[in-house]
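Peer 1: Sharing a structure below in structure tokens format, with a few things to ask.
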Amino acid sequence: MLQSIRERAQGWIAWIIVGLIIITFALFGIQEYAQGEKKTAVAVVNGEDITATDFLKLYHRQKARLQQQFGDMYDQIVKDDQLRDQVLNALIESSVVEQWAKSHNMAITDAELSMVIQSAKVFQKDGKFDQATYENILTRNGLTVGGFEQEQRDFLLENQSRQLTSISQMAPESLFKQLVDLQYQQRKMNYLRIDQKPLMKMAEITQDQMHSYYDKHKQQYVIPQQISIDYVLLSEDELAKKIKVTDDALQAYYQDNKDQFTEPEQRQASHILIRIDGKTNAEQALKKIQDIRKQILAGADFAEMAKKYSQDPGSAKLGGDLGLFQQGMMVPAFDKAVFAMKVNEISEPVKTNFGYHLIKLTKIEPKRTKSFAEVKTDVETMYRKKQAEKEYFELQDKLNSISYEQPDTLEPAADAVGMDVKTSEPFSKAGGVDGLTQNPKVIKAAFSDEVMKGNNSSSIELSPTSSVVIRVHKVIPAKQQAFDDVKDEVEQSLRKEAGVKASADLAKGILDKVKSGASLKSMARDGVDYHQTDWLDRQNRLVLPQLTAALFKAPKPKDGKPSFSTYQLPSGDSVVIEVTGVQKGKEPSDKEELSQLKESVVGVLGDAEVKARIQALVSSAKIEKKPIYQKIK
């Protein structure tokens, strides 16, 4: 439960508004599933249909998310029939919650819906909601305004009903007190860590074992499918290289942008600082700086006085010299004084947050505009960039539209934007060897159903100044590696398994001995290291987080005797834990932190009640699942 509370620390309701947009726009790229008005029912809940369209939307969204998460292991981890069951059950839950909300006269007003949609950044232009942008995005994704707004209304209504239960749940004070005590509890332990690496080397591995392991795990030794892609890359950098430049154009740009080539006035000053600190108060510092000023005005050398008295170690050794600086670079009081002085003038004492300063202005470099000849190279670079920015957005639209209108070739689009069609090296879903084929957006698009069918991709934004359109050039099928090619890897896998098991077996043997009275420390030897800790809390960084979690899951000491347990780390090493003490930690004095913890407890309890209520609604509903949901594509 503590883990649930920690996960909720950011606030559980925040995801709702984000989800409003995500739920619909996660459908981008799969609009074909929503077309054709598939009204076939995959389930009936209290007389209301769940359509194949709704089912396929969620099914394909979840499938795409899991494929991205698990990559090449997707088919081994995810069973399609189980995924379909989960999707349909989720839709059934949504349906019963929506029905319950409507039966209790809950509704989302037009004003509420409008506020949420207009606040979504995806529909905004220059920070404000834009109707044309809104309609254009919906149209491009195969959605109607009416259909989208009804879907969002249903989504908000469902979540409104879920919130009512959660928000109404109160945390009993006694439970809250127990959870606070647990959260800030401290424990002390000794532990043995059993290194599995030496045990791996000791393992005896036979050829029969290796062949058997290979046969059972052939999928691990498959070179995954690879593809190479043709692509047209449009970037401001490449466009800038192709911009035609004339001296007249550069001269005009220089005249229009002279401010960018103007150096503001700079001043050089030296100072002497007397700090105000625990040893010297403001009155004492002022008196000391005034005495120094009198000596300088009487003829003492400013630089020598700075070396002798200044408490600014960086400039003191330079005679107080601060070098050239522009107005606004120093703290305000210092800055104001310097830019009101004349060369060689000695200031009155100037107070800043550092202390008291005595300033001498040594040089003024007036404002100066660099000549065209001095900055011609910079002018050309800036001019090319400016022109490339203008061309980029025009050509990006052209690239996107032509590659969409002629989906079986990139040549017309490349010709239209003045770029070449290039071909990548082969790469898998794990990515390739260059920046383009390592880009997650490019990988996702390259292996998408649409592109694998032989069509061009839509424009993929690589950065604010570059985009690419791709298509498959060549597909290299997955290939099973022969045993002889991977036998070293097979042996290493078997040794790893053997080492992990031997480490766990040794830990169990040690556990039995210490429970019988042996000293944990006496069990230490080469490869079995003994460690002793001081008091630890759940947030400590002195031991591995997984070991901390195991420490706080272990039994408490009883009757003055330590408790013992074992744990296997993700690395494969095993640990024998001896909990030697448990004490109450110090609760935070920060009321806000305690308040957040209490809110999290309320949220966890509320979630549990919501789940129970939904389950009750599902149990009491009349539900008919149609077998077609397991087959429909």
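The values are calculated or read from the model by the stated rules, or taken from the named source; none is laboratory data. None of these values were measured; they are calculated from a predicted model. Note: ideal-geometry Cβ built from the backbone for every residue, glycine included; neighbour counts use all protein chains shown.
Peer 1: Is it true that some residue in the range 330-346 is in the same structural domain as residue 292 (by TED's automatic domain parsing), surrounded by 12 or more Cβ atoms within 10 Å (Cβ to Cβ) and under 37 Å from the mean Cα position of the chain (by Cα)?
Peer 2: So far as the range 330-346 goes, yes, one or more of its residues are in the same structural domain as residue 292 (by TED's automatic domain parsing), surrounded by 12 or more Cβ atoms within 10 Å (Cβ to Cβ) and under 37 Å from the mean Cα position of the chain (by Cα).
Peer 1: Can you name the residue in the range 348-381 that is part of a loop (DSSP other than H, G, I, E, B) and not hydrophobic (A, V, I, L, M, F, W, C) and is also nearest to the chain's Cα centre (by Cα) among such residues?
Peer 2: Applying the filter and picking the extreme gives 353.
Peer 1: On the given criteria, is residue 512 modelled with pLDDT of 95 or more and either out of contact with any His (no Cβ under 9 Å at 6 or more places or on another chain) or closer than 30 Å to residue 180 by Cα (or both)?
Peer 2: yes
Peer 1: Continuing with this model, one more query. Has the range 457-473 got at least one residue that is among the basic types (Lys, Arg) and over 30 Å from the mean Cα position of the chain (by Cα)?
Peer 2: No, the conditions are met nowhere in the range 457-473.
Peer 1: So which pairs qualify, if the first residue must be in the range 85-113 and without any contact (Cβ under 8 Å) to a residue 40 or more places away in the chain and small (Gly, Ala, Ser), the second must be surrounded by fewer than 18 Cβ atoms within 10 Å (Cβ to Cβ) and part of a helix (DSSP H, G or I), the Cβ gap must be under 9 Å, and the two must be at least 6 apart or on different chains?
Peer 2: 90/62
Peer 1: Could you run through the range 319-347 and say how many residues are out of contact with any helix residue (DSSP H, G or I) (no Cβ under 8 Å at 6 or more places or on another chain) and in a loop (DSSP other than H, G, I, E, B)?
Peer 2: 8
Peer 1: Now, a different point. Considering (1) outside any loop (DSSP other than H, G, I, E, B); (2) within 28 Å of the chain's Cα centre (by Cα), say which one residue 386 fails and leave the rest.
Peer 2: Of (1) outside any loop (DSSP other than H, G, I, E, B); (2) within 28 Å of the chain's Cα centre (by Cα), only one is false for residue 386: (2).
Peer 1: Would you check if there is a residue in the range 388-399 being within 30 Å of residue 269 (Cα to Cα) and of a type outside the set (Asp, Glu)?
Peer 2: Checked against the condition, which is being within 30 Å of residue 269 (Cα to Cα) and of a type outside the set (Asp, Glu), the range 388-399 yields no hits at all.
Peer 1: Which condition breaks for residue 467 when tested against (1) of a type in the set (Gly, Ala, Ser); (2) touching a Phe, Trp or Tyr at 6+ places or on another chain (Cβ under 9 Å); (3) in a loop (DSSP other than H, G, I, E, B)?
Peer 2: (3)
Peer 1: Looking at the range 403-420, which of the residues that are in contact with a Leu (Cβ under 9 Å, 6 or more places away or on another chain) and not in a loop (DSSP other than H, G, I, E, B) is nearest to residue 470 (Cα to Cα)?
Peer 2: Across the range 403-420, the extreme among qualifying residues is 403.
Peer 1: I would also like to ask the following. Given the criterion without any contact (Cβ under 8 Å) to a residue 12 or more places away in the chain and either assigned by TED's automatic domain parsing to the domain that holds residue 362 or under 30 Å from residue 419 (Cβ atoms) (or both), identify the matching residue among 288, 308.
Peer 2: Every option except 308 fails the conditions.
Peer 1: A further question on this structure: Out of 226, 207, I need the residue that is closer than 30 Å to residue 431 by Cβ and modelled with pLDDT of 95 or more. Which one?
Peer 2: 226
Peer 1: Out of curiosity, is residue 287 at pLDDT 95 or above, basic (Lys, Arg) and either within 30 Å of residue 383 (Cα to Cα) or in contact with a helix residue (DSSP H, G or I) (Cβ under 7 Å, 6 or more places away or on another chain) (or both)?
Peer 2: no
Peer 1: Next up: Output the residues belonging to the range 600-633 that are modelled with pLDDT of 65 or more and of a type in the set (D, E, K, R).
Peer 2: 611, 613, 622, 624, 625, 626, 631, 633
Peer 1: With 223, 243, 229 as the choices, which residue is surrounded by fewer than 17 Cβ atoms within 10 Å (Cβ to Cβ) and closer than 30 Å to residue 400 by Cα?
Peer 2: Step by step, each of 223, 243, 229 is checked, and only 243 is surrounded by fewer than 17 Cβ atoms within 10 Å (Cβ to Cβ) and closer than 30 Å to residue 400 by Cα.
Peer 1: Additional query: Do we have residue 417 as surrounded by 19 or more Cβ atoms within 10 Å (Cβ to Cβ), farther than 30 Å from residue 454 by Cβ, touching a residue at least 24 places away in the same chain (Cβ under 8 Å) and of a type in the set (A, V, I, L, M) here?
Peer 2: no
Table: residues versus (1) at pLDDT below 95; (2) surrounded by 12 or more Cβ atoms within 10 Å (Cβ to Cβ).
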residue: 540; (1), (2): yes, yes
residue: 545; (1), (2): yes, no
residue: 551; (1), (2): no, yes
residue: 558; (1), (2): yes, no
residue: 561; (1), (2): yes, no
residue: 568; (1), (2): yes, yes
residue: 571; (1), (2): yes, yes
residue: 578; (1), (2): no, yes
residue: 590; (1), (2): yes, no
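Peer 1: Sticking with this one: Do any residues in the range 359-372 that are in contact (Cβ under 8 Å) with a residue 24 or more places away in the chain have Cβ atoms under 8 Å from those of residues that are outside any strand (DSSP E or B) and among the charged types (D, E, K, R), where the two are at least six apart or on different chains, and which pairs are they?
Peer 2: The qualifying pairs are 360/345; 361/342; 361/345; 364/265; 365/265; 366/265; 367/265; 369/258.
Peer 1: Additional query: Considering the range 421-444 alone, what residues qualify as being part of a loop (DSSP other than H, G, I, E, B), of a type outside the set (Val, Ile, Thr) and closer than 19 Å to residue 454 by Cβ?
Peer 2: Across the range 421-444, the qualifying residues are 424, 426, 429.
Peer 1: Quick one: is residue 496 free of Cβ contacts under 8 Å to residues at least 12 places away in the same chain, surrounded by 13 or more Cβ atoms within 10 Å (Cβ to Cβ) and within 30 Å of residue 211 (Cβ to Cβ)?
Peer 2: Against the criterion (free of Cβ contacts under 8 Å to residues at least 12 places away in the same chain, surrounded by 13 or more Cβ atoms within 10 Å (Cβ to Cβ) and within 30 Å of residue 211 (Cβ to Cβ)), residue 496 does not qualify.
Peer 1: Could you tell me whether residue 483 is aromatic (Phe, Trp, Tyr), surrounded by 12 or more Cβ atoms within 10 Å (Cβ to Cβ) and closer than 17 Å to residue 229 by Cα?
Peer 2: Spelling it out, it is not the case that residue 483 is aromatic (Phe, Trp, Tyr), surrounded by 12 or more Cβ atoms within 10 Å (Cβ to Cβ) and closer than 17 Å to residue 229 by Cα.
Peer 1: Being out of contact with any Asp or Glu (no Cβ under 9 Å at 6 or more places or on another chain), more than 19 Å from residue 273 (Cβ to Cβ) and not aromatic (Phe, Trp, Tyr) is the requirement here; does residue 377 meet it?
Peer 2: Yes; evaluated as a whole, the condition is true for this residue.
Peer 1: With the checklist (1) assigned to a helix (DSSP H, G or I); (2) surrounded by 12 or more Cβ atoms within 10 Å (Cβ to Cβ); (3) modelled with pLDDT under 85; (4) not acidic (Asp, Glu) in hand, flag the one item residue 111 doesn't pass.
Peer 2: Against the list (1) assigned to a helix (DSSP H, G or I); (2) surrounded by 12 or more Cβ atoms within 10 Å (Cβ to Cβ); (3) modelled with pLDDT under 85; (4) not acidic (Asp, Glu), residue 111 comes up short only on (2).
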